[in-house]
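J.: Let me give you the structure first, and then I'll get to my questions.
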Amino acid sequence: MNVLVIGSGGREHALVWKLRHSDRVHKLYCAPGNAGISRHCELVPLKPTDLDGLLRFAREKEINLTVVGPEGPLVQGIVDLFETNGLPIFGPRKAAAKLEGSKVYSKDFMTRYGIPTARYQSFTVGQRFEAERFVYELVPPIVVKADGLAAGKGVLICETAEIAIAALTDIMVHHAFGPAGERVVIEEFLAGEEASVFAVTDGERSITLAAAQDHKRILDGDLGKNTGGMGAYAPAPIVTAEMFQRVEQEIIGPTLRGMKAEGTPYTGCLYCGLMITETGPKVIEYNCRFGDPETQVVIPLIQGDLADLFLSVARGKLDPATVGRHPASAVCVVMASRGYPDDYETGAVVRGLDSFKAEDGIVVFHAGTKKEGEEILTSGGRVLGVTAIGYDHDLQGTIRNAYTAVSKIAFDGAYYRSDIGQKALKRIPQEKTR
Ligand code: AMP
Ligand code: GLY
């Protein structure tokens, strides 16, 4: 089959890398891709949001399967457009992508179907005083969220009620998040440790991939600014076998049944952003796509043919037996540009990328790179996801391998966290992992 992957980050590199392993894939394209992705397939200079251009391309090249990486085109309705034109595509339709596109919608949905989440209320800009009253009902810290997509910046954890009220003024009066802030969710703070669990689903049947843990803050020890994610590992021991089962029974099952009952069945990858609390797993947020950088550690653990899996989902006939799980662990350390997550430098030459052999168990996924002549240059905030895959399932050794690989790669201003995976080591070997 001919396959098109949409997107240009480390997540898409991991998807393309795994799809390249499939005997069933003939031609493989990525729009727009990056320098690392270009080693496995042909790049197509089209933006992920150029739905008409992508449709034209898919028709012209007789694409049998399109896989969508980022949320933008999903929320825009790329799946509806491709399906209407008879083109199989992996991802949720616009009405189902709303689980990520609107926090008010997803919180109300969870309430309707009894899915565990933080206690909350939502308000329109006209309900400022009601919103302020609700702030005083909660015990700080208080979480204030803009309803719509706000480039990962729409969540404010407020240490006091006064800070929460100032945040509400910013959003409701000064329109700090533009239209994304026309409605806000105010909710209680959940204490615990976070984990990301992805379900691949055709709307009814699903398979749950290895639980992963992201590292969202820029500095070691989970300090400093929020980023897109500075590293990840899987499987995450915080999600014990028992917790994994609870996530499937209390969250994934009811979510899929609920979406079907609403007349908007969810297909593709359902990203459950969870807080593992003392009383069990609770949903912090849904995303309508694979996570980045979690995908870089979850996809290498899939045993089986990813193209077959995605195509079966696109056709509404998922066979959970298509794929299994490698008894392995994976660790991804993100190397970022100086300045990230604020304004960052680009154009630095990346060296050392050729230092690895296949048997080293290292895959360097590119997130923000471009090729100029023979050189690879940095072109994004997150540049590389240096990923170690440990088939002996020893997380400590896998972490060590990842950092040894990082030490062989250099570019001016390269920054990375030095504690990726440390939280997991604190839990091993006391708890059995899934
Ligand atoms: P989101 O954009 O919904 O992923 O939120 C960004 C981050 O804010 C999450 O990854 C959590 O670290 C944090 N967060 C969001 N909601 C809550 C909550 N109710 N309690 C604790 N932390 C939260
Ligand atoms: N790693 C967080 C996300 O993909 O949203």
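J.: Mind checking which pairs have a first residue in region 371-395 that is over 12 Å from Val297 (Cα atoms) and a second that is open to solvent by 50 Å² or more (accessible area, probe 1.4 Å) and of a type outside the set (D, E, K, R), Cβ under 6 Å, 6 or more apart or different chains?
T.: So the pair list comes out as Thr378/Thr346; Ser379/Thr346; Gly381/Tyr344; His393/Pro327.
J.: Hey, another quick one. When you go through Ala166, Ala241, Ala161, Ala212 one by one, which is the residue that is buried (at least 21 other Cβ atoms within 10 Å of the Cβ), modelled with pLDDT of 95 or more and more than 11 Å from ligand 1 (Cβ to nearest atom)? Can you show your working first?
T.: Numbers: Ala166 fails: buried (at least 21 other Cβ atoms within 10 Å of the Cβ); Ala241 fails: buried (at least 21 other Cβ atoms within 10 Å of the Cβ); Ala161 fails: buried (at least 21 other Cβ atoms within 10 Å of the Cβ).
Answer to the check: Ala212.
J.: Restricting to region 257-275, name every residue that is more than 16 Å from ligand 2 (Cβ to nearest atom) and either open to solvent by 10 Å² or more (accessible area, probe 1.4 Å) or of a type in the set (Gly, Ala, Ser) (or both).
T.: So in region 257-275, the residues more than 16 Å from ligand 2 (Cβ to nearest atom) come out as 257-267.
Passing the criteria: Arg257, Gly258, Lys260, Ala261, Glu262, Gly263, Thr264, Pro265, Thr267.
J.: Those residues that are in a loop (DSSP other than H, G, I, E, B) and crowded, with 19+ Cβ neighbours inside 10 Å, I need them from region 49-87; list them, please.
T.: Start the filter on region 49-87 by keeping residues that are in a loop (DSSP other than H, G, I, E, B), which leaves 49-50, 61-64, 69-70, 77, 85-87.
Within region 49-87, Ile63, Asn64, Gly69, Pro70, Leu87 meet the criteria.
J.: I'd like to check which helices (runs of 4 or more DSSP H) are fully inside region 95-186 and have at least 3 residues that are without any contact (Cβ under 8 Å) to a residue 60 or more places away in the chain and in contact with a strand residue (DSSP E or B) (Cβ under 7 Å, 6 or more places away or on another chain). Working first, answer last.
T.: Working: elements: 103-112, 128-135, 161-172.
Result: 128-135, 161-172.
J.: Filter region 190-200 down to residues that are out of contact with any Asp or Glu (no Cβ under 9 Å at 6 or more places or on another chain) and under 11 Å from Thr277 (Cβ atoms) and give me whichever is surrounded by the fewest Cβ atoms within 10 Å (Cβ to Cβ). Talk me through it step by step, then tell me what you get.
T.: Taking region 190-200 first, the residues out of contact with any Asp or Glu (no Cβ under 9 Å at 6 or more places or on another chain) are 190, 193, 200.
Those still in the list that are under 11 Å from Thr277 (Cβ atoms) too: 190, 193.
Values: Leu190: 18, Glu193: 15.
Of everything passing the filter in region 190-200, Glu193 is surrounded by the fewest Cβ atoms within 10 Å (Cβ to Cβ).
J.: Here are some residues: Gly203, Gly229. Which one is out of contact with any Ser or Thr (no Cβ under 8 Å at 6 or more places or on another chain), assigned to a loop (DSSP other than H, G, I, E, B) and either under 18 Å from Arg289 (Cα atoms) or within 13 Å of ligand 1 (Cβ to nearest atom) (or both)?
T.: Details: Gly203 fails: out of contact with any Ser or Thr (no Cβ under 8 Å at 6 or more places or on another chain).
Going through Gly203, Gly229 in turn, the sole match is Gly229.
J.: Quick check on my filter: what residues within region 215-226 are open to solvent by 10 Å² or more (accessible area, probe 1.4 Å) and either touching a strand residue (DSSP E or B) at 6+ places or on another chain (Cβ under 9 Å) or assigned to a strand (DSSP E or B) (or both)?
T.: Filtering region 215-226 down to residues open to solvent by 10 Å² or more (accessible area, probe 1.4 Å) leaves 216-226.
Passing the criteria: Lys216, Arg217, Ile218, Leu219, Leu223, Gly224, Lys225, Asn226.
The values are calculated or read from the model by the stated rules, or taken from the named source; none is laboratory data. For clarity, every value in this text was computed on a predicted model and none was experimentally measured. No Cβ is skipped: glycine too gets one built from the backbone with ideal geometry, and neighbour counts run over all protein chains shown. The protein model used for the area step is the full one, side chains on, heavy atoms only, and it has no ligands, DNA or RNA in it. Shrake-Rupley method; radii C 1.70, N 1.55, O 1.52, S 1.80 Å.
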